[in-house]
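Notes follow once the structure below has been shown.
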Amino acid sequence: ITVVTYSDFQCPYCQRGFETVEELRKKYSDKVRFVFKSLPLDFHAMAMPASKIFEAIALQNPEKAYKFHDEVFRNQQKLSSGGHKFLESIAKNLGVNMARMKKDMESETVRTRIAADMAEAKKFGITGTPGFVVAGITIKGAYPLASFEDIIQRRLKEKEGAAKQTKSETN
């Protein structure tokens with residue numbers, strides 16, 4: 001089961017969405033795959049720079065990119081006041097090649113990735129943040145944990161049922 005998050009690093013509702021996803025990760029660990037997609041909103045001045053840095057780090061090391069993601073959301077209140085220095089300090093602490101990151105931030109690859117994420121969100125009718133696609137079902141907004149769990153539990157039961165049926169058909 002896949003949970004895709006379309007998010008803006010500066011959006012306070014996205015921070016709540018991040019906390020929900022963290023709870024889901026703890027509860028479902030290997031049963032659910034989580035994917036982050038950038039949906040920076042124009043009226044959040046640091047959203048696009050943060051998305052560019054995330055994508056630039058991901059080109060070097062996807063694991064470090066997700067650590068960057070987690071740190072930004074855990075300390076989101078520092079994003080507005082600290083700006084680029086705040087973001088760069090996180091990247092530096094993660095051991096990111098800063099020269100390469102700065103170069104990659106302005107690359108066509110990073111621009112294309114962010115544009116593709118934004119276009120994909122639009123296809124699901126997601127124009128605000130956060131937005132989620134949980135096992136093919138679109139959720140628009142920072143819904144409570146139970147909303148996500150209902151979908152995941154239903155999909156897990158469906159998969160279990162399908163696996164049992166396949167097994168009985170092969171016997």
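The values are calculated or read from the model by the stated rules, or taken from the named source; none is laboratory data. On a predicted model such as this, the values are computed, not experimentally measured, just so you know. Virtual Cβ from ideal backbone geometry, glycine too; neighbours counted across all protein chains shown. Heads up: the accessible areas ignore ligands, DNA and RNA and are worked out on the full protein's heavy atoms, side chains in. Shrake-Rupley method; radii C 1.70, N 1.55, O 1.52, S 1.80 Å.
When you scan region 100-108, do you find a residue that is of a type in the set (S, T, N, Q), surrounded by 13 or more Cβ atoms within 10 Å (Cβ to Cβ) and in a helix (DSSP H, G or I), even just one? Walk me through how you get there before you give the answer.
Of the residues in region 100-108, the ones of a type in the set (S, T, N, Q) are 107.
Next, only the ones that are surrounded by 13 or more Cβ atoms within 10 Å (Cβ to Cβ) stay: 107.
Within this subset, residues satisfying the condition of being in a helix (DSSP H, G or I) are none.
Scanning region 100-108 turns up no residue that is of a type in the set (S, T, N, Q), surrounded by 13 or more Cβ atoms within 10 Å (Cβ to Cβ) and in a helix (DSSP H, G or I).
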Out of K67, K85, K52, K92, sole residue that is touching a helix residue (DSSP H, G or I) at 6+ places or on another chain (Cβ under 9 Å), over 19 Å from Y6 (Cα atoms) and of a type outside the set (D, E):
K92
Filter result for G95 (within 27 Å of K27 (Cβ to Cβ), open to solvent by 20 Å² or more (accessible area, probe 1.4 Å) and outside any helix (DSSP H, G or I)):
no
Surrounded by 16 or more Cβ atoms within 10 Å (Cβ to Cβ), charged (D, E, K, R) and touching a residue at least 24 places away in the same chain (Cβ under 8 Å) - does that describe any residue in region 68-79?
no
Across region 127-159, which residue is least open to solvent (accessible area, probe 1.4 Å) among those that are closer than 17 Å to Q10 by Cα and part of a loop (DSSP other than H, G, I, E, B)?
P130
Could you list, in sequence order, all residues of region 78-106 that are at pLDDT 95 or above and among the polar types (S, T, N, Q)?
S89, N93, N97
Quick one: E63 ticks every box in (1) open to solvent by 30 Å² or more (accessible area, probe 1.4 Å); (2) part of a loop (DSSP other than H, G, I, E, B) except a single one, so which number is it?
(2)
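Can you find, within region 1-14, the residue that is nearest to the chain's Cα centre (by Cα) among those that are open to solvent by 10 Å² or more (accessible area, probe 1.4 Å) and within 17 Å of A146 (Cα to Cα)? Working first, answer last.
Here is the first cut: in region 1-14, the residues open to solvent by 10 Å² or more (accessible area, probe 1.4 Å) are 1-2, 4-5, 10, 12-13.
Still in the list and also within 17 Å of A146 (Cα to Cα): 1-2, 4-5, 13.
On the way: I1: 15, T2: 12, V4: 7, T5: 4, Y13: 13 Å.
Here the residue is T5.
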Considering only region 44-58, I want to know if a residue exists there that is open to solvent by 50 Å² or more (accessible area, probe 1.4 Å), within 22 Å of R113 (Cα to Cα) and not in a helix (DSSP H, G or I).
yes
